[in-house]
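Inspection log for the structure reproduced underneath, given as structure tokens.
The values are calculated or read from the model by the stated rules, or taken from the named source; none is laboratory data. Fair warning: this is a prediction, and the values are worked out from it, not measured in the lab. Heads up, the Cβs are rebuilt from the backbone with ideal geometry, glycines too, and the neighbour counts pull from every protein chain shown. Keep in mind that these areas ignore ligands, DNA and RNA; they rest on the heavy atoms of the full protein, side chains included. Shrake-Rupley method; radii C 1.70, N 1.55, O 1.52, S 1.80 Å.
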Amino acid sequence: MTSPIEIEGAQASPVLDKERAPEGDAPKPKEPEGRSPGQLMWARFKRDRTGVVSAFVVLFFFVVAAAAPLISMVYGKDPYTLYGQENPDLLDMFTMPAAPFGGIDGDFWFGIEPGLGRDVFTQLLYGIRTSLATALAATLIMTILGVLIGLAGGYFGGKMDYWLGRITDFFMALPSQLFFVAAMPVITTVFVAPDKETPTYVRACAIIIVLSFLGWMSLSRIVRGATMTLRDREFIEAARISGASPWRILRKELLPNIVTPTLVQATLTLPSTILSIAFLSFVGVGYVEPTPDWGRMFAIGANIVEQDPYYMLFPGIAMVIFVVAFNLLGDSVRDAFDPKTNR
């Protein structure tokens, strides 16, 4: 049997110590910290490896486009100089690159263009810059138009919603690609005389106008549906009773609650807009010589693909990587905002 002396000399049990400890020294349970919807979205997005990798790829393309003049200066070449004309040794008798693999070497990293001998690497850099700048401007205008028309139709309803819906249906019924090809020459001739060359900024504005004119309908439908589900909610009724004007309700109450579908749709619209810009340049109604552009490079490469298949290699790989990465990024952003959705 254990003696009382041994019991007193023994080390006290942690349970007994915790019971004997004063209440002030006891550890307090950690209170759960509340997180905003934006923090929850960011936490879900960071767990998506595909989305994170796609975001870095997209960011890389934007950095390259913004730093194209700096990269060109360090590289020592530009997309406009006819290096094949200055150095006849770069082209053979058929005006094809004399060096193998499309003229790829230490001086020309991606080779040279057949015929004129321009540098392919700097053409690609500036082509990405041209396409991204035009697509961003067009996507921004599409988003603004789609949000405004969708908000107005969804909130006011009645005849306004009816007529805006019919207008939306009309524009969605138009054959977009045929309209692009037919409208571009008309728009450019409105601002430029037939006997003068169309400036690049006029072509850029015309492309943005045409793409924006036929690109807002999908977002408008999405915003209209989201607005119709929100307009009868309690906080909207409270804003009406308090005397808030329709403009204030649209701007302060409804607009913040449709940011999620708007951002997701805009993210998915940008790559398709870039493909549309490339299509216009490919068929000859978008950007033309000597403006560097993805579509124009594809148009040149399509004519000489049998003689020099390497010319379209790097532009094609770059466009595929960018479009796939941006589409995956859009899917990841959608899943981060709404975890109930499944790809």
By how many degrees, between 0 and 90 and to the nearest 10, does the Cα long axis of helix 158-173 differ from the longest principal axis of the chain?
-> 50
So how strong a dipole does the range 196-304 carry about its Cα centre when Lys and Arg Cβ are +1 and Asp and Glu Cβ are -1, to the nearest 20 debye?
-> 320
Across the chain, how many lysine pairs separated by 8 or more positions, or lying on different chains, have Cα atoms within less than 25 Å?
-> 5
Helix-only CD estimate at 222 nm, as mean residue ellipticity for the chain, using -39500 (n - 2.57) per DSSP H run (n ≥ 4) = -21000 deg cm²/dmol
Only Lys, Arg (+1) and Asp, Glu (-1) charged, at Cβ; the chain dipole about Cα centre in debye | 1560
Answer in debye to the nearest 20: the dipole magnitude of the range 33-165 about its Cα centre, from +1 Lys/Arg and -1 Asp/Glu charges placed on Cβ, is 1000
Of SER212, PRO315, PHE298, whose Cα points farthest to the positive end of the dipole of the range 194-343 (charges on the beta-carbon: +1 Lys, Arg; -1 Asp, Glu; origin at the Cα centre)?
-> SER212
Give me the net charge of LEU148's neighbourhood, meaning all other residues with Cβ under 15 Å from the Cβ of LEU148; Lys, Arg count +1, Asp, Glu -1.
-> +2
Under a point spin-label approximation (7 Å from Cα along Cα-to-Cβ), what is the ARG166-TYR80 distance to one decimal in nm?
-> 5.1
Using a 1.4 Å probe and ignoring any ligands, DNA or RNA, find the accessible area of GLU253 and quote it in Å² to the nearest 10.
-> 60
Paramagnetic reach from ILE209 (point 7 Å along Cα→Cβ, amide N under 18 Å) across the range 278-301 | 280-281, 285-288
Can you find, among LEU151, GLN85, MET73, the residue farthest towards the positive end of the dipole of the range 29-160? Put +1 on the C-beta of Lys and Arg, -1 on that of Asp and Glu.
-> LEU151
